[in-house]
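Visitor: Have a look at this one.
The values are calculated or read from the model by the stated rules, or taken from the named source; none is laboratory data. No experiment lies behind these values; they were computed from the predicted model shown. Every residue, glycine among them, receives a Cβ derived from its backbone with ideal geometry; neighbour counts consider all protein chains shown.
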Amino acid sequence: MDQGGIPSVFNMVETLITWGLAALVLGSSMAFYLRGLKKRDVRAKAAAEKGQLYSEGPKAQHPRIDVTYCIGCQSCTMVCPEGDVLAMLGGKAVIVNGYKCIGHGLCTEACPVGAIKLVMATPSMGADMPYLSTEYETSVPGMFIIGELGGLALIKNAVNQGRDCMDTITARMKAAGVAPAGQDVFDVLIVGAGPAGISASLRAIQNKLSYLTIERDEVGGTVSKYPRQKLVMTSPVEFPMYGKFNKTELSKEDLLKLWSTILKRADFKVRSGESVDSISKGEDGVFTVTTSKGQHRSRHVVLALGRTGTPRKLGVKGEELGKVMYRLIEADHYINKQILVVGGGDSAIEAAMGLGHQRGNTVTLSYRKDAFSRIKERNVKRIDECIRNGKVQVIFNSQPVEIREQSVLLDVGGEVREIPNDYVWVFAGGIPPNDFLKKIGVSFGAQDITLEASKEARLEIAAKKQMNTA
Ligand SMILES: Cc1cc2nc3c(=O)[nH]c(=O)nc-3n(C[C@H](O)[C@H](O)[C@H](O)COP(=O)(O)OP(=O)(O)OC[C@H]3O[C@@H](n4cnc5c(N)ncnc54)[C@H](O)[C@@H]3O)c2cc1C
């Protein structure tokens, strides 16, 4: 009995130790996780106490939480790649830093009860945005807007909207029993070949629509203008004629190479170097699109123009000099130079840091306000480090008043300083093509501007809701 009993005592002790260790590991992971959640809760409470809640409110798209459905599970607060857009307060999700939302929409997908929607900001913001139906149709029937021009940033949103919009057009044509268009009229004309236009064009090919894509510059849109080797952050997305694209981080060059391979395989035809100047709709319901090179006719028009438009200028003397630029692609082409970067957003800060890391450069960043307020958390840390290491000098409360061949006059709090200078980069944002949209009859305003998650996300949410009520 004893002989049989000793090993079984050992076995029991061994099992107890194993379970004990497992419980310890599980317990500490749980404690770590809960500490993370608590930190966010504490931050939200602190913000609320200081009266800061909503003070940094949304400027564009942001989550809208239906508190009657929110179950306080915290899934939304944990998935946001931008950090603390949302936090928990009194057991419910609330917006703490709405301005940080750039439309990933992961909170909408993560919410198990479908309590979150992505919506546009205030009615005043809506007034500056084109009216769009939930199918991305403008106030002109048959004319659609997709991608960033509609107000929602990010590559994955552009891709989702391009694909969904083309499915809407195909379904409408099928339902109306419309025969395929003839030689002189296209089913759909797509303007712009950024991520939204590329996705729409590929879906048009897949759905066997006759299409024409017109791009005034180069295929890839804003992505092709990112700085060299920029790391592109994205989310898994269903890419037409490719399938599920699961990478979440890749270089700009790799992303453009991938698109180029897919487009070649799909025999994508684009008229690049052609700009659309005006669009009118005839009494027969067919659009006439006038470009820099001629006219085209189409039953539907999809505008995927982006919001970058034309860069906003400073309007100061000397801005016409060749050394003044509005976009930086190759930071390593500039060494041993005196450089001024103007602006206080992420693009300005990233450019200043990129240039500051090149050999022999002296980089000054001029910003008209007294602090950076709307930049990504990781850029806050990186720019602080660059300032500490002397890579970038930041002058707040300053703005250029004149640009000269070899210097710049900077107004610093009312006092004019002359600093030596070889190059100036201005990052003052872009002027979106609102005048063009108004000219072609698109209405603006906060009408039906609720932007929901992608079609798949909506289906998933609906399924989850059904499971919860079952
Ligand atoms: C510096 C920077 C970094 C970014 N990083 C990321 C990131 O890491 N991850 C992410 O998801 N998003 C990122 N974004 C946002 C992302 O690039 C945009 O949301 C996305 O490119 C929008 O796609 P789009 O197709 O709507 O517009 P765009 O990419 O802007 O493409 C619009 C196209 O339309 C063309 N066009 C405009 N007018 C006309 C006309 N009249 N006739 C013909 N063609 C015309 C333009 O030439 C352009 O090619 C970043 C943006 C910037 C500026």
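Visitor: Consider region 174-228. How many of its residues are assigned to a strand (DSSP E or B) and not acidic (Asp, Glu)?
Guide: So the answer is 9.
Visitor: Okay, moving on. Please go through region 219-232 and pick out each residue that is touching a Lys or Arg at 6+ places or on another chain (Cβ under 9 Å) and more than 6 Å from the ligand (Cβ to nearest atom).
Guide: Once the filter is applied, which keeps residues that are touching a Lys or Arg at 6+ places or on another chain (Cβ under 9 Å) and more than 6 Å from the ligand (Cβ to nearest atom), region 219-232 yields Gly220, Ser224, Lys225, Pro227, Arg228, Gln229, Lys230, Leu231.
Visitor: Also, I was wondering about something else. Among the residues of region 96-147, which ones are among the hydrophobic types (A, V, I, L, M, F, W, C), at pLDDT 85 or above, within 15 Å of the ligand (Cβ to nearest atom) and touching a strand residue (DSSP E or B) at 6+ places or on another chain (Cβ under 8 Å)?
Guide: Leu132, Met143, Phe144, Ile145, Ile146
Per-residue answers, yes or no, for (1) crowded, with 19+ Cβ neighbours inside 10 Å; (2) modelled with pLDDT of 95 or more; (3) within 23 Å of Ser224 (Cβ to Cβ):
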| position | (1), (2), (3) |
| --- | --- |
| Val341 | yes, yes, yes |
| Asp346 | no, no, yes |
| Thr362 | yes, yes, no |
| Ala371 | no, no, no |
| Val394 | yes, yes, no |
| Arg404 | no, yes, no |
| Ser407 | no, yes, no |
| Arg417 | no, yes, no |
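Visitor: Residue check: is Gly285 more than 9 Å from the ligand (Cβ to nearest atom), surrounded by fewer than 16 Cβ atoms within 10 Å (Cβ to Cβ), in contact (Cβ under 8 Å) with a residue 60 or more places away in the chain and within 29 Å of Asn434 (Cα to Cα)?
Guide: yes
Visitor: Check Ser275, Ser235, Ser292 and return the single one that is more than 24 Å from Gly309 (Cα to Cα), within 10 Å of the ligand (Cβ to nearest atom), surrounded by fewer than 21 Cβ atoms within 10 Å (Cβ to Cβ) and in contact (Cβ under 8 Å) with a residue 40 or more places away in the chain.
Guide: After applying the criteria, what remains is Ser235.
Visitor: I've got another one for you. Please tell me if Ala171 is part of a helix (DSSP H, G or I), of a type in the set (Gly, Ala, Ser) and within 15 Å of the ligand (Cβ to nearest atom).
Guide: Here the answer is no, as Ala171 does not meet what is asked.
Visitor: Could I ask something else about it? Here's a check for you: in region 216-228, which residue that is within 19 Å of Val289 (Cβ to Cβ) and surrounded by fewer than 24 Cβ atoms within 10 Å (Cβ to Cβ) is nearest to the chain's Cα centre (by Cα)?
Guide: Among them, the one singled out is Val219.
Visitor: Which count do you get for residues in region 358-396 that are in a helix (DSSP H, G or I) and either touching a strand residue (DSSP E or B) at 6+ places or on another chain (Cβ under 9 Å) or not basic (Lys, Arg) (or both)?
Guide: So the answer is 8.
Visitor: Which one of these is more than 13 Å from the ligand (Cβ to nearest atom), surrounded by fewer than 18 Cβ atoms within 10 Å (Cβ to Cβ), free of Cβ contacts under 8 Å to residues at least 12 places away in the same chain and part of a strand (DSSP E or B): Lys257, Lys244?
Guide: Lys244
Visitor: A further question on this structure: Restricting the search to region 327-336, which residues are in contact (Cβ under 8 Å) with a residue 24 or more places away in the chain and surrounded by fewer than 18 Cβ atoms within 10 Å (Cβ to Cβ)?
Guide: Arg327, Ile329, Glu330, Asp332, Ile335, Asn336
Visitor: Can you tell me which condition Asp332 does not meet? The list is (1) within 29 Å of Asp277 (Cα to Cα); (2) of a type outside the set (Phe, Trp, Tyr); (3) at pLDDT below 95; (4) away from the ligand (no atom under 16 Å from the Cβ), and all the others hold.
Guide: (1)
Visitor: Turning to a different aspect of this structure: Could you check Leu250 against (1) among the aliphatic types (A, V, I, L, M); (2) within 12 Å of the ligand (Cβ to nearest atom); (3) touching a residue at least 24 places away in the same chain (Cβ under 8 Å) and say which number it fails?
Guide: If we test Leu250 against (1) among the aliphatic types (A, V, I, L, M); (2) within 12 Å of the ligand (Cβ to nearest atom); (3) touching a residue at least 24 places away in the same chain (Cβ under 8 Å), just (3) comes out false.
Visitor: Against the condition in contact with a helix residue (DSSP H, G or I) (Cβ under 6 Å, 6 or more places away or on another chain) and among the aliphatic types (A, V, I, L, M), how does Val232 come out, does it pass?
Guide: yes
Visitor: Tell me, which residue of region 195-215 that is within 7 Å of the ligand (Cβ to nearest atom) and farther than 13 Å from Cys165 by Cα is surrounded by the most Cβ atoms within 10 Å (Cβ to Cβ)?
Guide: Pro195
Visitor: Residue under question is Gly150, and the condition is that it be near the ligand (Cβ under 10 Å from one of its atoms), surrounded by 17 or more Cβ atoms within 10 Å (Cβ to Cβ) and modelled with pLDDT of 95 or more; does it hold?
Guide: Taking the combined requirement at face value, the residue does not satisfy it.
Visitor: Then there is this: Among Gly344, Gly315, which is under 30 Å from the mean Cα position of the chain (by Cα) and more than 16 Å from the ligand (Cβ to nearest atom)?
Guide: That would be Gly315, the only listed residue that is under 30 Å from the mean Cα position of the chain (by Cα) and more than 16 Å from the ligand (Cβ to nearest atom).
Visitor: Only residues in region 353-379 that are under 10 Å from Lys337 (Cα atoms) count as the first member; pair them with residues that are of a type in the set (A, V, I, L, M, F, W, C) and surrounded by fewer than 15 Cβ atoms within 10 Å (Cβ to Cβ), Cβ under 8 angstrom, at least 6 apart or cross-chain, and list the lot.
Guide: That search, which allows pairs on different chains as well, returns Gln358/Ile335; Arg359/Ile335; Gly360/Ile335; Asn361/Ile335.
Okay, residues lined up against (1) outside the structural domain of Thr213 (by TED's automatic domain parsing); (2) more than 30 Å from Ala171 (Cα to Cα):
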| position | (1), (2) |
| --- | --- |
| Tyr242 | no, no |
| Asp254 | no, yes |
| Asp267 | no, no |
| Lys281 | no, no |
| Val302 | no, no |
| Val316 | yes, yes |
| Glu319 | yes, yes |
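Visitor: If you check every pair at least six apart or on different chains, which have Cβ atoms under 7 Å apart with a residue in region 404-424 that is free of Cβ contacts under 8 Å to residues at least 24 places away in the same chain first and a residue that is assigned to a strand (DSSP E or B) and β-branched (Val, Ile, Thr) second?
Guide: Hits for this filter: Ser407/Ile419; Leu409/Val401; Leu409/Val416; Asp411/Val401; Val412/Ile395; Val416/Val401.
Visitor: Moving to a separate point now. Please work out if Val324 is more than 16 Å from the ligand (Cβ to nearest atom) and in contact with a Gly (Cβ under 6 Å, 6 or more places away or on another chain).
Guide: No, not satisfied.
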